[in-house]
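All remarks here apply to the structure that follows.
Computed from the coordinates by the stated procedures, all read-outs in this text should not be read as laboratory data. The shown structure was predicted, so the numbers you read here are calculated from the model rather than taken from an experiment. Ideal geometry is used to build each Cβ from the backbone, glycine not excepted, and the neighbour counts take in all protein chains shown.
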Amino acid sequence: MLLQPVFWRNLATTNERQRAKEIVEQYGRFSLAAFTLLNNKSYYFSPSGNSVIAYVPQGRGAIALGDPIVPVEDRRLEKILHYLYEHLNHFYNFKGLHTYKDKFHPHWEARYLVYPSLAALPDVVVALIRADSGDRLFDYFKPGAETK
C-alpha cells in the first residue's frame, strides 16, 4: 500500500465496519481509536484479520488515521526490529545515531510500514534503501563503509 497507488474503492462494507468495530473495542487503546469507526473510513486488515488500519483514499494515495490497532501478541515485527537493532549495529551505527539524536531531546514517534504481503517485504525494504541511498545500495553491506 505504501508504494502502490490506492485507486478509489468504495467505503467499507457492513462486514468490514463490524469487524473494525470489534477490533477497536477489543484492542483500541489510543485516543484516535474511536475515530476509525467514522463513516468515511475504509479499512486495511492484516492477513490474520486481527489488526486494522483505518484510512481515507485521497487522490492516488491514502491517508491513514493514527496507529494500527493490533493485539499485543501481533507485534512480532517489533521483536524482529529490536533484534536487528541489537545485532546489526556494526553495519549501520543505529545506537550511535540514536545516542547523538538524544542530545537534542527529540520527541520520538512510532512509524509504521504497510505492505501488501510478507512476500513483498524484501522488495519494499530494498525500495526504501534505494530511496535513501540512491545508487549506493551495496554500501549498506560494507562494514565500516561511510555513506555520503
Six or more apart or on different chains, Cβ atoms under 7 Å: show the pairs whose first residue is in segment 102-126 and under 24 Å from Phe45 (Cβ atoms) and whose second is assigned to a loop (DSSP other than H, G, I, E, B) and hydroxyl-bearing (Ser, Thr, Tyr).
Leu121/Tyr115; Val124/Tyr115
Can you tell me how many residues in segment 55-69 are free of Cβ contacts under 8 Å to residues at least 12 places away in the same chain and aliphatic (A, V, I, L, M)?
1
In segment 39-54, what count of residues is obtained for those that are touching a residue at least 40 places away in the same chain (Cβ under 8 Å) and either in contact with a His (Cβ under 7 Å, 6 or more places away or on another chain) or among the hydroxyl-bearing types (Ser, Thr, Tyr) (or both)?
1
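Matching residues to (1) under 15 Å from the mean Cα position of the chain (by Cα); (2) surrounded by fewer than 10 Cβ atoms within 10 Å (Cβ to Cβ); (3) of a type in the set (Ser, Thr, Tyr):
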position: Tyr55; (1), (2), (3): yes, no, yes
position: Ile69; (1), (2), (3): yes, no, no
position: Leu88; (1), (2), (3): no, no, no
position: Leu97; (1), (2), (3): no, no, no
position: Lys103; (1), (2), (3): no, yes, no
position: Ala119; (1), (2), (3): no, yes, no
position: Val124; (1), (2), (3): yes, no, no
